[in-house]
Each structure stands twice: as structure tokens, then as C-alpha cells.
Amino acid sequence: MEPSLRKIVILGPESTGKSTLCEQLAAHYQTLWCPEYAREYLLKHGTNYSFEDLLNIAKGQLQLEDSYTAQLSQRPTVSGQLLFIDTDMYVMKVWCEFVFNDCHRWILDRIAERRYDLYLLCRPDLPWVKDELREYPDEATRLRLYHYYRELLMQQDTPWVEVSGSYDQRLQQAIAAVDRLPG
């Protein structure tokens, strides 16, 4: 019998430790994590993005996720595999709607089709760290985006857990949530 792959998505506003948490969780569980495709795309194409660019980013994100899923399926294992994913189509939906007041039908269809095992929602209680791609340093916008993500998670069926506090506290909360997953 094939071991099952469980996919855990980390989401939340920018600069909330999502990538760090993915990397830490992958190291803890000795598995892979799928990075955020948007970073690669925007570094290559620039930060003056359009509504159409967000569709290209969404498609690239899912291609990247599928490539990591395929890599894990090639690994021999005695128990179930975990894949930690930095960003999913909920992030793309929020991004599209927050910036352009609209969302591509393709993204909404992928939200309806894709299944995950757990969401980890990062609170915006870490200090904002500037980098060349980040857009929203003010606390009010970060909180508004956080509540948007939280509302989306409350309206769907996949289990989700909020993580907050220091990087280490987030990691410990995330490990506890992952360890509670069935199977």
C-alpha cells in the first residue's frame, strides 16, 4: 500500500514567517517544502505586476507544488510523507481581490479542486521585515489581510491552526498541529 502524502499549507500576510516556518518544519520532519513561486516571478519580471501576472503566478505556484509532490512520491518511505507548502490559491485569491478587486475564475476553480490536510495561519505579530518585494509594512493593512485569510479558513472544511509568537513558538505550535493529524 502506498504511503499517503499529507500537504500542509502555511499562509498569512507578508512578513509573518511563512517561508521560515516551512523550512523549519521540513527540517524537523526530514521532508521537502515548496517555496512561494511569486518571489521568483517578481524578481525576474519586476514588481509592477498586473492582474494577468497574478494568474501566471498562480499557475506557476501549482506547477511548483506538483513538482515537489512528484519528488516526494519517488522517495522510499515506511510512513506517510509530509509536504509543507508556502502559499496556495487562497493567497492568490486574497492578492487578486485586495489589489484588483477581482479574482481569476481559474484560481477559484483550483481552490474548489485542490485538497490539503492542514492550514497553518501565521498571525502578523512578528516585526515587519523590509525586502524588495514586500508591499504592506503598516500594521493596519497586515491585520486586515490576516482577518481576510482567517475568514476564508473559517468558511472551508480543512482543519486549520493559528500560529503566533516568536519563530520558535510558531514552530512548536505548528509541530503540535502536524502531530495531531490522523494517519
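Quick note: the coordinates plus some simple rules give every number you see, no bench work behind them. Bear in mind the structure is a predicted one, so any value in this text is a computation, not a measurement. Methodologically, a virtual Cβ is constructed for each residue, glycine included, from the backbone with ideal geometry; neighbour enumeration extends over all protein chains shown.
When the Cα positions of LEU126, GLY17, VAL163 are compared along the charge dipole of the chain, VAL163 comes out farthest toward the positive end, with charges on each C-beta of Lys, Arg, Asp and Glu.
Both radii are taken from the alpha-carbon atoms of the chain; with Rh as the Kirkwood radius, Rg/Rh is 0.94. By the Cβ-Cβ criterion of under 4.7 Å, the unpaired cysteines of the chain are CYS22, CYS34, CYS122. A crude spin-label estimate for the pair GLU23 and GLU52, with each label 7 Å from Cα along the Cβ direction, gives 3.4 nm.
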